[in-house]
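Engineer: Here it is: the structure, laid out below.
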Amino acid sequence: MLYAMHEAKYYASQPLRAGAKVAREFWGSPLNPMSQTLMGRNLFAGAELIESTTRRYGKPEWNIDTVKVGQTDVRVRPTVVWESPWCRLIQFDRDMADMRRASKFSLDPAVLIVAPLSGHYATLLRGTVEVFLPDHAVFITDWKNVRDVPMMEGRFDFHDYVDHIRTMLGVLGPRPNVVAVCQPGPPVLAAAAMMAEDGDPSRPASMTFMGSPIDARKSPTAPNTLAEEKPFAWFSSKMIYTVPPPYPGAMRRVYPGFVQLASFMSMNQTKHQDAHQKYFNDLVAGDGDSADKHREFYDEYLSVLDLTEEFYLQTIEIVFQKHLLAKGELMHRGRKVRPELISDIALMTVEGEHDDISGVGQTQAAHGLCKALPDSLKELYVAPKVGHYGVFNGRRFREDIYPRVREFILRTDPNFAPRTA
């Protein structure tokens, strides 16, 4: 019912939104002599704010057309190299002629960036991809909005996620590298453990976990506390709703993206209110650069997708309530997941000192689970004064965290550097 009410509210606000668009164009037009008056600028800013807070934000474009390799601009083209009803595997092809002009004549390490399936589109990691591209052959998981997946496609749960990771690593070829950002940590570690036990030739050469809840019992944050305090039945009854028509996935039971977004924003409500107040003031003052930065951030932040009921509820149970992977009790397709058997997949964990989503200690717990790994294949880093999003995006990521990850991958990838156990 909530999903249908959400849709009804959106359509009911269309007249208001249309009026705001007209007012914005009128009071922002250079042909209007009143547009440069204080009253005109306030009316323009108010109309812009109303339009931006009531419209629907679709999936953003990648908008990665070029990347700087040395001093050379290299053209980039996102290409789908594998696809299922639930996910597209995208490779960011770098133009070979441009790469030769940049004096890049050899292959770079292949990296699969596993984007979180937790409410936002994979484009949230646009900055992560851009930073990795000059030095790596980059692939990313582009998860689909399940409200657009017809019921005939069946279910998608935690174990399907693990299988997807294993399949996509196989697409990359022998011994690729994998980087899991936030939520994917547990299923990626599970997939790597299964591949290591099977001696799979496509098992990762290295795995890097960034702000991931490998063991959510350590340094619990507000989301962890909520998952612990509420019974499983509460999540099933309060967080799951039915997709209404006319979406292709009509009648599918989902955890809606707008519910997740409301949860995210409530954690920092004052911060978001202040950001929108500043946006209004910047529009009044004519500060276009600051206003553009606000739009760029919220165009991405407010774009959300739905998760299947089974994946969301299993993640709550497996990762945040029963802690099965951390306790060594996780079963996958009738087999026990055994990260203690991983012996030749290098492990790096990255945490932010001020992470309010995955507390310090949750990600580095992976080191204790991978008991057979020698110290030479392990690296742990806690970035000082960095929050959750700063672990994989922004200036601190570019200047401090990424250089460490790049060196770690190059040092441990058997295709590019000899290992010493």
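The values are calculated or read from the model by the stated rules, or taken from the named source; none is laboratory data. Keep in mind it's a predicted model, so treat the numbers as computed, not measured. Please note: Cβ atoms are built from the backbone with ideal geometry, for glycine as well, and neighbour counts cover all protein chains shown.
Engineer: Which condition number in (1) under 28 Å from T66 (Cα atoms); (2) touching a helix residue (DSSP H, G or I) at 6+ places or on another chain (Cβ under 9 Å) is the one that P134 fails?
Structural biologist: So P134 meets the others, but not (2).
Engineer: Going through the range 346-367 one residue at a time, which ones are in contact (Cβ under 8 Å) with a residue 60 or more places away in the chain, closer than 21 Å to M194 by Cβ and over 18 Å from the mean Cα position of the chain (by Cα)?
Structural biologist: A346, L347, M348, A365, A366
Engineer: Quick one: is F264 in a helix (DSSP H, G or I), within 21 Å of H354 (Cα to Cα) and of a type in the set (F, W, Y)? Give the derivation first.
Structural biologist: Working: in a helix (DSSP H, G or I): yes; within 21 Å of H354 (Cα to Cα): yes; of a type in the set (F, W, Y): yes.
The answer is yes for F264.
Engineer: Quickly run through the range 279-300 and pick out the residues that are crowded, with 18+ Cβ neighbours inside 10 Å, of a type outside the set (A, V, I, L, M, F, W, C) and in contact (Cβ under 8 Å) with a residue 24 or more places away in the chain.
Structural biologist: Matches in the range 279-300: Y279 only.
Engineer: Does A227 satisfy the condition of being buried (at least 24 other Cβ atoms within 10 Å of the Cβ), farther than 13 Å from T363 by Cα and over 18 Å from the mean Cα position of the chain (by Cα)?
Structural biologist: Working: buried (at least 24 other Cβ atoms within 10 Å of the Cβ): no; farther than 13 Å from T363 by Cα: yes; over 18 Å from the mean Cα position of the chain (by Cα): yes.
In short, no.
Engineer: I need the helices (runs of 4 or more DSSP H) fully contained in the range 7-113, keeping only those with at least 1 residues that are in the same structural domain as G286 (by TED's automatic domain parsing), surrounded by fewer than 17 Cβ atoms within 10 Å (Cβ to Cβ) and of a type outside the set (D, E). I'd like the intermediate steps shown before the answer.
Structural biologist: Working: elements: 14-28, 38-54, 96-101.
Fully inside the range 7-113 and qualifying: 14-28, 38-54.
Engineer: Related question: List the number of the failed condition for A192; all other conditions in (1) surrounded by fewer than 24 Cβ atoms within 10 Å (Cβ to Cβ); (2) in contact with a Pro (Cβ under 7 Å, 6 or more places away or on another chain); (3) not polar (S, T, N, Q) hold.
Structural biologist: (1)
Engineer: Among the hydroxyl-bearing types (S, T, Y) and free of Cβ contacts under 8 Å to residues at least 24 places away in the same chain: does that describe S118?
Structural biologist: Numbers: among the hydroxyl-bearing types (S, T, Y): yes; free of Cβ contacts under 8 Å to residues at least 24 places away in the same chain: no.
The answer is no for S118.
Engineer: Continuing with the same structure: Given the criterion outside the structural domain of H354 (by TED's automatic domain parsing), closer than 21 Å to H388 by Cβ and either touching a Ser or Thr at 6+ places or on another chain (Cβ under 9 Å) or assigned to a helix (DSSP H, G or I) (or both), identify the matching residue among D274, D289, D282.
Structural biologist: Details: D289 fails: closer than 21 Å to H388 by Cβ; D282 fails: closer than 21 Å to H388 by Cβ.
D274 is the lone residue from the list that is outside the structural domain of H354 (by TED's automatic domain parsing), closer than 21 Å to H388 by Cβ and either touching a Ser or Thr at 6+ places or on another chain (Cβ under 9 Å) or assigned to a helix (DSSP H, G or I) (or both).
Engineer: Looking at the structure I just gave you, is K336 basic (K, R), surrounded by fewer than 18 Cβ atoms within 10 Å (Cβ to Cβ) and within 24 Å of K371 (Cα to Cα)? Give the derivation first.
Structural biologist: Details: basic (K, R): yes; surrounded by fewer than 18 Cβ atoms within 10 Å (Cβ to Cβ): yes; within 24 Å of K371 (Cα to Cα): yes.
When the stated conditions are applied, K336 passes them.
Engineer: Have a look at V131, V149, V138 and point out the one that is buried (at least 21 other Cβ atoms within 10 Å of the Cβ), of a type in the set (V, I, T) and in contact with a Gly (Cβ under 6 Å, 6 or more places away or on another chain). Show your work before the answer.
Structural biologist: On the way: V131 fails: in contact with a Gly (Cβ under 6 Å, 6 or more places away or on another chain); V138 fails: in contact with a Gly (Cβ under 6 Å, 6 or more places away or on another chain).
Going through V131, V149, V138 in turn, the sole match is V149.
Engineer: Could you say which residue among P201, P213 is exposed (fewer than 15 other Cβ atoms within 10 Å of the Cβ), touching a residue at least 24 places away in the same chain (Cβ under 8 Å), assigned to a loop (DSSP other than H, G, I, E, B) and assigned by TED's automatic domain parsing to the domain that holds F397? Don't jump to the end; show me each part of the working.
Structural biologist: On the way: P213 fails: exposed (fewer than 15 other Cβ atoms within 10 Å of the Cβ).
The match here is P201.
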